[in-house]
Amino acid sequence: MPEMNTLPLKERMQIPRVHMPELDPQVRAHNFQEVNRGLAAPGAVNEATRCIACAKPGCQLDCPVGVKIKEIVALIYSGDFLAAAAKMREDNALPAITGRVCPQESQCEGGCVLGKKGEPVAIGNLERFIADFERQSGQLGLPAIAPSTGKSVAVVGSGPAGLSAAGDLIQKGHRVRVFEALHELGGVLVYGIPEFRLPKAIVKGEVDNLRRMGVEFETNVVVGRSVTLDELMRVEGYDAVFVATGAGLPVFLGVPGEHLNGVYSANEFLTRTNLMRAYRFPEFDQPIYDCRDRDVIVVGGGNTAMDAVRTARRLGAKSATLVYRRSEAEMPARAEEVKHAREEGIEFRMLTNPVEFLGDQKGWLTGARCVRMELGEPDADGRRRPVAVAGSEFVLPVNVAIIGVGTTANPLIQSTTPDLATNRRNYIVAHPETMRTSKRGIFAGGDIVTGGATVILAMGAGRKAARAIDEYLKDGEW
Ligand code: FAD
Ligand code: SF4
């Protein structure tokens with residue numbers, strides 16, 4: 001039994017939130033080291049002391065995978081960090097990752113009662129603490145693996161959905177092989193989210209654990225081109241396939257001049273930086289147009305745009321500006337990213353929209369013609385619709401423009417699997433609980449079904465799929 005927190009409620013509620021130490025903004029704006037440095041054990045215990053152990057914990061209801069936060073915080077309070085980590089892993093297979101990247105303010109911490117009058121318990125920071133503690137202790141116990149069932153499952157895509165499904169399926173005794181199009185494993189966790197938010201070593205550690213559990217990985221395999229879903233089933237003999245290919249196809253603005261040299265999609269910019277090690281320049285050559293001493297704008301207001309603009313700043317941009325057509329209140333990026341970006345000297349041009357990119361005679365970008373916007377009536381998702389202000393056009397001098405306004409499904413697999421049902425936006429249609437698609441033996445989950453969402457939702461989908469695949473492999477019913 002964990003030691004009980006006997007401090008009176010009133011006193012607990014007066015303890016200020018323990019803040020995460022961070023790298024100095026002046027220093028970190030010029031390197032790719034992780035910004036948040038993690039809590040030390042005494043800080044974590046202090047933070048755990050603040051929890052008032054609600055009878056119906058709102059934090060748990062608001063966590064998409066229902067992590068048992070109340071029990072975990074009590075274990076941290078009593079100093080049993082390894083037991084806390086083990087309890088966490090019952091619902092969340094990748095806590096070192098979610099502790100770093102979950103949008104806690106709109107999930108678990110958003111449901112914390114303390115947040116109504118003051119600051120919520122720092123659940124994400126505690127999650128990260130116990131996961132890091134467990135890893136550094138070297139006492140990470142691998143789960144038991146059931147005896148072989150003789151069945152095999154192909155997982156397509158190694159993002160959080162694919163990895164969490166693979167981890168659960170291998171434990172149930174099935175053979176699991178993950179096929180990944182890129183040369184590195186981890187999906188957006190490695191090619192999208194930069195080192196300064198999520199160190200690659202953390203993701204690699206999780207992949208290595210899966211390997212030790214027996215999961216097989218094959219990189220540089222583009223399913224739909226190298227091999228089709230039908231071939232995986234009929235020729236290679238897999239009994240089931242889980243499609244977890246994400247939503248990595250960039251969306252552009254569709255304005256004149258987007259073809260100019262110096263205009264990138266945020267996905268391309270981040271992939272080149274993250275996977276081709278531009279963040280370790282000059283040790284590795286930068287395979288992207290040099291941002292140093294140039295004016296860079298990033299168009300968009302979500303996590304991707306924020307990651308791109310903070311990356312450009314670190315690559316030495318003279319100015320790194322975020323251009324967003326709504327106001328800051330509507331930005332979907334995590335609150336922490338916005339705060340960190342401001343501290344690092346990112347300029348914010350809100351209510352501004354590029355309508356044309358301008359270039360020189362050699363086809364290099366020189367400027368962005370922009371228009372000012374104002375907010376009108378709410379649109380379908382409840383956010384106020386931006387409307388152009390007549391006669392407000394102006395030109396921003398720009399050498400590099402990065403478009404981070406969203407992504408969509410890559411139609412490759414769907415186009416080579418005609419009996420796999422998709423919706424009008426090209427996402428695979430799958431049952432929300434069983435993850436079954438229209439095609440026998442094929443399951444799908446994560447961003448390829450929901451559209452761009454969050455790491456924890458993708459992981460939750462992977463776990464649901466693993467349960468459903470296991471049932472299907474046992475009873476053969478479809
Ligand atoms: P992905 O992570 O996209 O992984 C899919 C994998 O499938 C990729 O590795 C891809 O290469 C591979 N693949 C695709 N097609 C094929 C094919 N034909 N054959 C074989 N392999 C294929 N969420 C948060 O919760 N917090 C954040 O801070 C956050 N920041 C983000 C920052 C960026 C830059 C981006 C792009 C997204 C961010 N997200 C964030 C969203 C989150 O990362 C995604 O919702 C999540 O990664 C989706 O997981 P997934 O497994 O469905 O797909
Ligand atoms: Fe919060 Fe995400 Fe952890 Fe759930 S998984 S408790 S939402 S940080």
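Here are a few things to note about the model shown:
Per-residue answers, yes or no, for (1) within 11 Å of ligand 1 (Cβ to nearest atom); (2) more than 25 Å from Val227 (Cβ to Cβ); (3) in contact (Cβ under 8 Å) with a residue 12 or more places away in the chain:
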position	(1), (2), (3)
Ala131	no, yes, yes
Arg135	no, yes, yes
Ala146	no, yes, yes
Lys151	no, no, yes
Val156	yes, no, yes
Arg177	no, no, yes
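- The residues of the range 294-308 that are open to solvent by 10 Å² or more (accessible area, probe 1.4 Å) and either out of contact with any strand residue (DSSP E or B) (no Cβ under 8 Å at 6 or more places or on another chain) or within 10 Å of ligand 1 (Cβ to nearest atom) (or both), listed by number, are Gly302, Asn303, Thr304.
- Applying a threshold of 6 Å to beta carbon distances and a minimum spacing of six or more residues, or different chains, the list of pairs starting in the range 43-68 at a residue that is of a type in the set (Lys, Arg) and ending at one that is open to solvent by less than 20 Å² (accessible area, probe 1.4 Å) reads Arg50/Val121.
- Within the range 284-293, the residues that satisfy the criterion of being more than 19 Å from Phe348 (Cα to Cα) and either hydrophobic (A, V, I, L, M, F, W, C) or surrounded by 24 or more Cβ atoms within 10 Å (Cβ to Cβ) (or both) are Phe284, Ile288.
Every residue, every condition in (1) under 18 Å from the mean Cα position of the chain (by Cα); (2) open to solvent by less than 40 Å² (accessible area, probe 1.4 Å); (3) under 14 Å from Glu127 (Cα atoms), yes or no:
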| residue | (1), (2), (3) |
| --- | --- |
| Val27 | no, no, no |
| His30 | no, no, no |
| Asn36 | yes, yes, yes |
| Ala48 | no, yes, yes |
| Ile52 | no, yes, no |
| Lys56 | no, no, no |
| Cys59 | no, yes, yes |
| Pro64 | yes, no, no |
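- Residue ID - modelled with the lowest pLDDT, chosen from residues in the range 67-118 that are of a type in the set (Ser, Thr, Tyr) and open to solvent by 20 Å² or more (accessible area, probe 1.4 Å): Ser106
- Of the criteria (1) of a type in the set (Gly, Ala, Ser); (2) within 13 Å of ligand 1 (Cβ to nearest atom); (3) surrounded by fewer than 23 Cβ atoms within 10 Å (Cβ to Cβ), which one Gly124 fails: (3)
- Positions within the range 127-148 being part of a loop (DSSP other than H, G, I, E, B) and surrounded by fewer than 16 Cβ atoms within 10 Å (Cβ to Cβ), in sequence order: Gly138, Gln139, Gly141, Leu142, Pro143, Ala144, Ile145, Ala146, Pro147, Ser148
- Any hit, the range 79-91, residues being of a type in the set (Phe, Trp, Tyr) and within 14 Å of ligand 2 (Cβ to nearest atom): no
- Meets criteria (more than 11 Å from ligand 1 (Cβ to nearest atom), more than 30 Å from Tyr264 (Cβ to Cβ), modelled with pLDDT under 95 and surrounded by fewer than 22 Cβ atoms within 10 Å (Cβ to Cβ)) for Gly441: no
- Test result for Arg17, of a type outside the set (A, V, I, L, M), open to solvent by less than 70 Å² (accessible area, probe 1.4 Å) and either part of a loop (DSSP other than H, G, I, E, B) or within 26 Å of Ala201 (Cβ to Cβ) (or both): yes
- Whenever a residue of the range 219-241 is hydroxyl-bearing (Ser, Thr, Tyr), its partners that are open to solvent by 30 Å² or more (accessible area, probe 1.4 Å), lying with C-beta atoms within less than 6 angstrom and at least six residues away or across chains, give the pairs Thr219/His183; Thr228/Thr416.
- Just so you know, in the range 450-478 the residues that are under 23 Å from Arg425 (Cα atoms) and among the hydroxyl-bearing types (Ser, Thr, Tyr) include one that is most open to solvent (accessible area, probe 1.4 Å), and it is Thr450.
- Test result for Gly237, open to solvent by less than 10 Å² (accessible area, probe 1.4 Å), small (Gly, Ala, Ser) and not assigned by TED's automatic domain parsing to the domain that holds Ala29: no
- Any hit, the range 269-282, residues being open to solvent by 10 Å² or more (accessible area, probe 1.4 Å) and within 16 Å of ligand 2 (Cβ to nearest atom): no
- Checklist (1) under 23 Å from the mean Cα position of the chain (by Cα); (2) closer than 21 Å to Phe357 by Cα; (3) modelled with pLDDT under 95 applied to Leu322, failing item: (3)
The values are calculated or read from the model by the stated rules, or taken from the named source; none is laboratory data. Everything numeric here is computed off the predicted structure, so don't read it as measured data. Using ideal geometry, Cβ is built from the backbone for each residue, glycine included, and neighbour counts are taken over all protein chains shown. Quick note on the areas: whole protein, heavy atoms, side chains included, nothing else; ligands and nucleic acids left out. Shrake-Rupley method; radii C 1.70, N 1.55, O 1.52, S 1.80 Å.
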